[in-house]
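J.: One structure coming up, written as structure tokens, with questions to follow.
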């Protein structure tokens with residue numbers, strides 16, 4: 001199938017935009033690859049320190065003839081998605097020994113749970129944790145003892161941070177290992193219903209806690225299609241997972257077999273063998289376009305509109321929000337997974353999952369088929385699914401048709417013809433809106449603005465009954481320079497209540513919303529942010545604001561904002577408590593949201 005002309009044109013525009021930065025990146029990586037891993041060049045003392053605790057592997061490491069695999073792990077047992085990683089290093093080391101190689105845990109990286117910190121001060125560290133993870137992984141690999149690396153991470157900022165690190169060490173092969181989603185519990189729509197009932201005062205905290213515990217009940221990724229599961233989709237579309245690895249449940253024989261196979265594959269593609277595949281060769285502009293296509297086709301998290309540009313920059317590839325918008329216009333929405341539908345990721349996987357979707361998108365000419373991947377072939381390999389046959393891992397052809405058309409549809413008969421992500425621009429700046437879960441009649445909201453500087457004040461106004469007319473709720477000074485750009489997901493239930501009461505409401509913010517946010521129209525990531533003098537800082541209560549996803553506009557109507565002075569509240573409290581003092585340099589250095597709000601790239 002011929003590549004779609006719009007996909008081809010966007011790819012060429014990215015390639016042209018990135019020509020200088022990509023060339024510099026590849027020159028750097030080429031020099032590192034020529035030097036190779038430095039184990040052979042380390043002093044005997046250096047090496048003795050690296051091998052002292054390795055027991056039966058010491059001799060093989062000292063001889064330096066077999067590949068050594070570095071494990072970078074984001075394990076902790078507070079994240080349900082990461083708890084299964086506790087077992088992975090033992091599986092990986094045993095696999096390495098079986099094929100005559102070695103493996104070491106190179107280092108650990110932090111992994112915070114946005115579900116724990118939603119609406120809390122700790123959420124103000126969340127976005128910056130992506131850069132900390134990249135830095136920590138860089139420290140882990142700086143010992144320069146590894147011929148390849150495997151990355152154990154799943155959730156929101158962890159995978160993007162690990163990809164940034166992998167790109168920085170682009171001269172060595174990298175394979176990403178998922179842990180898989182938890183089994184299905186209380187349905188996501190029922191959980192959301194109880195949350196709204198609690199916000200409206202219709203049920204008590206005991207019922208809310210009961211519903212939450214029934215939703216989040218075991219090891220594995222949360223089952224809704226938020227940022228964590230969007231990350232897993234992305235790793236498959238970009239060729240960094242083994243085919244079909246994303247949504248196999250934890251602690252199952254198939255999951256263990258995939259973990260062992262990923263370790264074997266990482267060891268097979270080092271420079272010591274015949275299939276050398278440095279990750280720099282995988283992470284080109286085509287891989288990132290494929291990732292954006294997957295984001296649109298699945299209705300994935302808006303957080304990836306921040307993370308993908310940051311990840312791409314680490315590989316010398318320059319993405320822009322216009323790339324997302326244009327790709328969204330030609331990629332159909334093929335999946336309905338909560339919050340875009342009632343199904344969870346287990347249901348999606350059972351209906352045909354990523355293998356079916358990738359096959360459909362390849363057939364429609366919407367994916368680059370010839371990208372390099374860790375599987376050693378192009379994207380056609382990712383239409384297959386892993387199975388156990390007589391206890392051994394094998395791959396077979398995936399579903400050729402959807403097994404549930406309420407969850408997954410072909411590209412020729414999608415849920416909607418476009419991916420549902422819109423780039424909005426106007427005199428209030430530039431932001432994005434995810435409309436795949438927003439009813440069409442709510443794609444355009446024009447109403448008076450109500451201005452807030454803290455999400456807690458929005459909740460107070462709601463409890464006081466102050467929202468009695470159509471309203472554009474503006475929550476400003478929530479960008480990376482102001483307070484680290486926290487998610488404002490805890491506002492979703494109360495805004496949904498107002499919407500259900502018949503009011504037209506929208507959210508405009510220079511902050512973020514959760515990847516699981518859905519039915520309330522929200523223009524987010526607005527930049528320039530208010531703390532950097534952006535036009536949101538000149539907006540006042542009662543100003544008429546138009547949020548127009550149809551026309552791609554974000555406007556203060558009939559107002560000359562240039563004649564007004566910017567408001568600048570006292571933000572000093574944002575730097576106090578729960579570690580926020582440590583991140584002052586991050587707040588000062590953060591880039592614009594349109595460029596990924598990064599610190600290290």
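J.: Pairs of Cα atoms under 8 Å, at least six residues apart: use those to get the relative contact order of segment 421-595, whole percent.
T.: 30 percent
J.: In which sequence would 527, 155, 44 go, from the one with the fewest C-beta neighbours within 10 Å to the one with the most?
T.: Ranked by crowding around the Cβ, least crowded first: 44, 527, 155.
J.: Which of rounded, prolate, oblate describes segment 1-152, given a ≥ b ≥ c as roots of the alpha-carbon gyration tensor eigenvalues and a/c under 1.5 marking rounded, otherwise prolate only if a/b is larger than b/c?
T.: Because a/c hits 1.5 or more and a/b fails to exceed b/c, segment 1-152 counts as oblate.
J.: Pull out the extension gain between residue 563 and residue 205, defined as 0.36 nm times the separation in residues minus the alpha carbon to alpha carbon distance; nm, one decimal.
T.: Contour length minus the Cα-Cα distance gives 124.1 nm.
J.: Listing 396, 265 from the residue with the fewest other Cβ atoms within 10 Å to the one with the most, what is the order?
T.: Neighbour counts put them in this order, fewest first: 396, 265.
J.: Also: Under a plain spin-label model, where a point goes 7 Å from the Cα along Cα-to-Cβ, how far apart in nm are residue 570 and residue 78?
T.: 3.0 nm
J.: Segment 123-176 to segment 245-287: how many Å between their Cα centroids?
T.: After rounding, the separation between the Cα centres reads 15 Å.
J.: Give the Rg/Rh ratio for the chain, taking Rg as the radius of gyration of the Cα atoms and Rh as the Kirkwood radius, to two decimals.
T.: That ratio is 0.97, to two decimals.
J.: Report the gain in length on full extension from residue 17 to residue 413: 0.36 nm times residue separation, minus Cα-Cα distance, nm rounded to one decimal.
T.: Length gained, residue 17 through residue 413: 139.2 nm.
J.: Taking Cα pairs under 8 Å and at least six residues apart, what relative contact order does segment 141-222 come out at, in percent?
T.: Normalised by residue count, the contact order of segment 141-222 is 32 percent.
J.: Determine the relative contact order of the chain: mean sequence separation of Cα pairs under 8 Å and six or more apart, normalised by residue count, in whole percent.
T.: 15 percent
J.: What is the distance in Å between the Cα centres of segment 305-380 and segment 584-601?
T.: Here the two parts' Cα centres lie 26 Å apart.
J.: Please arrange 338, 51 by counting, for each residue, the other beta carbons lying within 10 Å of its beta carbon, fewest first.
T.: 51, 338
J.: If you take the square roots of the eigenvalues of the alpha-carbon gyration tensor of segment 431-484 and sort them as a ≥ b ≥ c, do you get rounded (a/c under 1.5), prolate (a/b over b/c) or oblate?
T.: Oblate is the answer for segment 431-484, as a/c is 1.5 or above yet b/c matches or exceeds a/b.
J.: Quote the Stokes-Einstein diffusion coefficient, in whole µm² s⁻¹, for segment 421-595, based on the Kirkwood radius over alpha carbon pairs, a temperature of 37 °C and a viscosity of 0.692 mPa s.
T.: Estimated diffusion coefficient is 204 µm²/s.
J.: Please give the length that would be gained between residue 214 and residue 6 if that part of the chain were fully extended, namely 0.36 nm times their separation in residues minus their C-alpha to C-alpha distance (nm, one decimal).
T.: 70.5 nm
J.: Moving on to the next point. May I ask you to give the average projected area over all directions of the convex hull of the Cα atoms of segment 224-364, in nm² rounded to one decimal?
T.: Answer in nm², one decimal: 9.1.
J.: Taking the alpha-carbon centroid of each part, what is the distance from segment 195-243 to segment 58-76 in angstrom?
T.: 34 Å
Only the coordinates and a few stated rules stand behind these numbers; no lab work does. Computed from a predicted model, the values in this text were never measured in an experiment. Methodologically, a virtual Cβ is constructed for each residue, glycine included, from the backbone with ideal geometry; neighbour enumeration extends over all protein chains shown.
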